[in-house]
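What follows is a set of notes on a single structure, which appears directly below.
The values are calculated or read from the model by the stated rules, or taken from the named source; none is laboratory data. Quick caveat: nothing in here was measured; it's all calculated off a predicted structure. Positions of Cβ are backbone-derived with ideal geometry, glycine not excepted, and every protein chain shown enters the neighbour counts. Note: areas computed on protein heavy atoms with side chains; ligands, DNA, RNA excluded. Shrake-Rupley method; radii C 1.70, N 1.55, O 1.52, S 1.80 Å.
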Amino acid sequence: MPAKVLEPKTSKAKALWAERQAVVSAGSAAYSSVVVAKARNAKVWDVDGKEFIDFAGGIGAINVGHCHPKVVAAIKDQAEKLLHTSFHVAAYEPHIKLCRKLTQATPGNFDKKALLFNSGSEAIENAVKFARAFTKRRAIISFDNAFHGRTLLCLTLNSKYKPLKQHFGPFAADIYHARFPNPYRPPRGVRPEDVSDYALEELERLFLNEVSPEDVAAVVVEPVQGEGGFVVPPQGFLGALKKICEGHGILFIADEVQTGFGRTAKMFAIEHEGVVPDLLVTAKSLGAGMPLSAVVGRAEVLDAAPAGSVGGTYGGNPVSCAAALAVFEIFEEEKILSAAAKVGEAVKARFDRWAREIAIVGDSRGLGAMRAIELVSDKKTKKPLSVPMVKSIVRACEEKGLILLKAGAYDNVLRTLMPLTIPEADLEKGLDIMEDALVSARP
Ligand SMILES: Cc1ncc(COP(=O)(O)O)c(C=O)c1O
């Protein structure tokens with residue numbers, strides 16, 4: 001089945017889509033053809049009034065729901081008072097308050113500090129700078145199948161080559177890729193239950209052959225891989241990795257840009273393993289749609305960067321900080337973590353059934369409400385379903401009113417990043433649309 005051409009069906013959206021093609025870089029991703037006019041909680045409406053259920057949540061940035069009234073009120077209130085000075089020119093209270101909140105909300109009983117930025121990529125870049133300044137070492141280890149952003153250093157940390165890296169080199173130096181344990185796709189000859197041991201042995205091999213551990217400043221790891229297809233490492237892997245880091249004086253940086261703020265039914269995914277990172281990077285749902293990111297962690301590491309060496313014009317602007325402070329209140333008042341657990345259970349029940357009953361659903365996996373199915377053309381060989389087929393399924397969902405994202409090294413994973421506040425009826429309707437599309441798909 002060929003992939004359907006990406007194009008909206010309704011009139012105003014069609015005209016805007018054509019204008020987009022004319023004036024927006026063709027290099028920008030287009031995961032759907034929806035041209036949105038407004039959004040509320042887990043629904044969006046396009047410019048012609050067509051309604052969609054949103055399982056993408058702004059790529060995981062809308063965990064408390066679109067345009068949460070409390071977030072909107074906080075933004076309006078702050079916008080009336082102060083839009084921008086640059087924190088480094090004239091400090092303001094929402095920024096300082098938010099840094100305090102972040103130091104309290106992140107794991108670790110030690111003195112912590114934070115610094116705010118605009119995007120996940122920018123925060124990852126700065127976490128690496130802090131780690132290098134503190135350790136006085138140069139090398140960084142990331143993992144295969146990782147995604148950390150689209151700036152040059154982040155591209156280097158990533159492992160998916162096409163379309164992320166091709167033509168964009170040369171890349172940053174001193175980045176080394178270790179193996180990430182994927183129980184669904186173990187290396188040939190390795191049993192699924194042994195993927196962690198294998199990955200840790202490979203890390204030792206990397207230390208012998210490619211870079212000595214005493215030259216490594218930090219390991220950067222997603223506790224659950226996001227763009228890589230929601231790969232959950234076996235229990236114990238992250239703890240073992242942390243121990244290795246501690247043994248060599250290597251800092252452990254948890255990239256919680258996608259996993260953070262309740263997605264896995266804990267505030268941060270690393271808490272499932274009881275692992276305390278030296279630095280934690282968060283973004284996306286921290287700002288509920290406003291551009292905001294943070295590096296939070298050991299005070300002595302964040303203080304290792306010389307005065308004036310880190311920051312930027314807009315990082316942690318007052319309006320984004322006000323939105324984030326509202327997000328913290330919403331988490332308490334609306335018990336978002338329990339809501340995430342409930343959403344996760346409902347999605348898991350469906351996905352597990354599909355993995356048993358639908359021929360092209362090879363795997364159902366995830367943590368909390370961060371759930372995915374991996375599509376295959378043959379369950380035995382695990383041959384990934386072709387990209388045009390996966391695109392057709394996503395397109396079929398869109399036609400029926402569901403926005404859905406794919407992911408994974410083979411672009412064959414369907415993932416859920418819906419607001420954690422999604423009403424049960426919307427969740428069930430969205431899952432019904434997905435189920436119809438999967439059952440009707442003919443490889
Ligand atoms: C785990 C992870 N790290 C970093 C990033 C980069 O964040 P941003 O797109 O805000 O630069 C992303 C974005 O999807 C991500 O999922």
Leading residue at positive end of dipole, the range 70-333 (Cβ point charges), from A79, A123, N158: A79
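When the accessible area of the range 70-333 is computed with all protein chains present and a 1.4 Å probe, what percentage of it is carbon and sulfur?
Its accessible area is 52 percent carbon and sulfur atoms.
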C-alpha center-to-center spacing [the range 170-227, the range 379-395] in angstrom: 27
Selection from V310, N145, S25, by position along the positive dipole direction of the chain (Cβ): S25
Would you mind working out the accessible area per residue for the range 1-154, using a 1.4 Å probe, and quoting it in Å²? 51
Gaussian network model of the chain, springs between alpha carbon atoms under 10 Å - residue of E256, E345, E210 with greatest fluctuation: E210
Summed over the other residues with a beta carbon less than 11 angstrom from that of K160, with K and R at +1 and D and E at -1, the charge totals -1
Quick one: net charge of I62's neighbours, Cβ under 12 Å, K/R +1, D/E -1? +3
In whole Å, what is the distance between the alpha-carbon centres of the range 67-139 and the range 274-349? 8
Mean-square fluctuation maximum in Gaussian network of the chain, Cα pairs under 10 Å, restricted to S320, S121, S377, hits S377
Using the Karplus curve 6.51 cos²θ - 1.76 cosθ + 1.60 with θ = phi - 60°, what ³J(HN,Hα) values do you get for each residue of the range 153-161, in whole Hz, with x for Gly and Pro? 5, 5, 4, 5, 5, 5, 10, 6, 7
List the pairs from K81/K112; K14/K348; K242/K348; K242/K380 whose alpha-carbon separation is above 31 Å, in the order I gave them. K14/K348; K242/K380
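Just to verify a number: FRET efficiency for F110 and E332, C-beta to C-beta distance, R0 = 30 Å, to 0.05?
For R0 = 30 Å, the calculated efficiency reads 0.80.
Order 407-415, 166-174 from most to least packed using the mean count of other Cβ atoms within 10 Å.
407-415, 166-174
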Can you give me the P(r) profile for the chain? Cα pairs, bins 20 angstrom wide beginning at 0, each as a whole percent. 25, 59, 16, 0
Computed from the beta carbon distance with a Förster radius of 22 Å, FRET efficiency for E201 and H248 to the nearest 0.05 stands at 0.90
Assign unit charges at the C-beta atoms only (+1 for Lys and Arg, -1 for Asp and Glu), then state the dipole size of the chain relative to its Cα centre in Debye, rounded to the nearest 20. 860
